[in-house]
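Following: one structure in structure tokens, then a few remarks.
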Amino acid sequence: MSRKKLIAGNWKMNKTSADGAALARELVLAVGSYSDADIVVCPPFTALESVATAIDGSLIKLGAQNMHFEPSGAFTGEVSAPMLRALFATHVILGHSERRDLFGETDELVNKKVLAAFKNQLRPILCVGESLAEREAGSTLKKVQSQLERDLEGVSRDQAAGLIVAYEPIWAIGTGKVATAEQAQEVHAFIRGLLTKLQGEAAAQRIRILYGGSMKPANAAELLSQKDIDGGLIGGAALEARSFVELVKAAGGKP
Ligand code: PGA
């Protein structure tokens, strides 16, 4: 089955509301009607509204970088799925390694967020991946398996078909050290096999598995040509229109 490739930009804690809107307008001009690959931009919460306005009427979709699992309540500093939906977000990054490592998010918490996202018609971009120590110890696949099994507990097969997974080796994030295409494909194929076991063949064939970690125009073509690599979750190279647009076009296969 052929899956349309997806390029998602994770802006992390960068861009004010005005700067985000300016970048989004540049993207709209360059690829706002580009349909050979799907495009999602994930600005910080404070830029969601201005970016939503900037991309309105284009094919570019909006995602958040995190959310709370409850719809509302006494959770100071948190943002809920219905709040994101009200700003026209369609996607949400969940379980990014920075959330797990710097903010103590556990698989149990990520699982609650995944279930809440589906309940609110938000598509999770669920991040998994191993640390350098885990890779060197030969436990990459074990780590990814345990994350996926726990994070997807209670997800139905129908819901799973709308899932997006991002494989992000932690040692490749923001370091300039990209996984080789073979290293990435090995893990992506393993993830597809595991998803087949957990969610059935039909869902597993539809789920897009993105690679993330220092993906750039220079290394994208080789990564994106791998059978089970269905796109990229892009940090650094998503902060500038030129490199992000090049990645979108590499994914679409048409300039
Ligand atoms: P990077 O980040 O492209 O800057 O390595 C990717 C990510 O953390 O999602």
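The values are calculated or read from the model by the stated rules, or taken from the named source; none is laboratory data. Bear in mind the structure is a predicted one, so any value in this text is a computation, not a measurement. Cβ atoms come from the backbone with ideal geometry, glycine included; neighbour counts cover every protein chain shown. Just so you know, the surface numbers come from the protein's heavy atoms only, side chains and all, with ligands and any DNA or RNA stripped out. Shrake-Rupley method; radii C 1.70, N 1.55, O 1.52, S 1.80 Å.
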Quiz prompt | In nm, spacing of pseudo-spin labels at residue 72 and residue 141 (7 Å Cα→C-beta vector) | solution = 4.8 nm
Exercise. Find out how many positive minus negative residues lie around residue 47, taking Lys and Arg as positive, Asp and Glu as negative, among other residues whose Cβ is under 12 Å from that of residue 47.
Key: 0
Practice problem: Note down the net charge around residue 89, summing +1 for each Lys or Arg and -1 for each Asp or Glu among other residues with Cβ under 11 Å from its Cβ. | Solution: +2
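Give the peptides 111-121, 230-240 in descending order of average Cβ contacts within 10 Å, highest first. Please report the intermediate quantities before stating the final value.
Details: 111-121: 19.5, 230-240: 22.8.
Answer by packing, highest mean first, reads 230-240, 111-121.
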Exercise. Would you mind telling me which residue in 80, 243, 33 has the biggest mean-square fluctuation in a Gaussian network model of the chain, where springs connect alpha carbons within a distance under 10 angstrom?
Key: 33
Quiz item: Relative contact order for the range 47-136 using alpha-carbon pairs under 8 Å, separation at least 6, rounded to a whole percent?
Solution: 29 percent
Quiz prompt | For the chain, built as a Gaussian network whose Cα springs stay under 10 Å, the top-fluctuating residue of 56, 107, 158 | solution = 158
Practice problem: Could you tell me what percent of the accessible area of the range 127-243 is made up of carbon and sulfur, with a 1.4 Å probe and every protein chain present? | Solution: 52 percent
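State the three equivalent ellipsoid semi-axes of the chain, derived from the C-alpha gyration tensor as the square roots of 5 times its eigenvalues, in descending order and whole Å. Intermediate results must be reported in sequence, preceding the final value.
Values: eigenvalues 121, 101, 60 Å².
They are 25, 22, 17 Å, listed largest first.
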Exercise. Read phi for every residue in the range 130-140 and hand back ³J(HN,Hα) as whole Hz from Karplus 6.51 cos²θ - 1.76 cosθ + 1.60, θ = phi - 60°, with x for Gly and Pro.
Key: 9, 7, 4, 4, 5, 5, 5, 7, x, 10, 3
Quiz item: In whole percent, what relative contact order does the chain give with Cα contacts below 8 Å and a gap of six or more residues?
Solution: 21 percent
Exercise. Any lysines with Cα under 28 Å of the residue 216 Cα? List them, leaving off those in the same chain fewer than 8 positions away.
Key: 4, 5, 12, 15, 61, 142, 143, 177, 227, 249, 254
Quiz item: Can you give the accessible area per residue of the range 6-251, in Å², using a 1.4 Å probe?
Solution: 43 Å²
Exercise. Determine, from the Cβ-Cβ distance of residue 180 and residue 46 and an R0 of 30 Å, the FRET efficiency 1/(1 + (r/R0)^6), rounded to the nearest 0.05.
Key: 0.25
Exercise. Give the long-range amide H neighbours of residue 64: residues separated by 5 or more places, or on another chain, with amide H under 5 Å away, using H modelled in the peptide plane at 1.01 Å from N.
Key: 91, 92, 93
Quiz item: What residues from the range 1-32 fall in the zone where the backbone N is under 15 Å from a label point 7 Å along the Cα-to-C-beta line of residue 205?
Solution: 1-4
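Looking at the chain, send over the antiparallel percent of its DSSP beta bridges, to the nearest 5. Numbers along the way, then the final one.
Numbers: 0 of 28 bridges.
Of the beta bridges lying entirely in the chain, close to 0 percent run antiparallel.
For residue 3, what charge total do you get from the other residues with a beta carbon under 12 Å from its beta carbon, if Lys and Arg give +1 and Asp and Glu give -1?
Details: positive: 4, 5, 192, 206, 208, 227; negative: 38, 228, 230.
Taking every Cβ under 12 Å from that of residue 3, the sum is +3.
Where the accessible area of the range 1-61 is counted over protein heavy atoms with a 1.4 Å probe, how much of it, in %, is carbon and sulfur? Each step should come with its number before you reach the end.
Numbers: 1500 of 2890 Å².
For the range 1-61, the apolar C and S fraction of the accessible surface comes to 52 percent.
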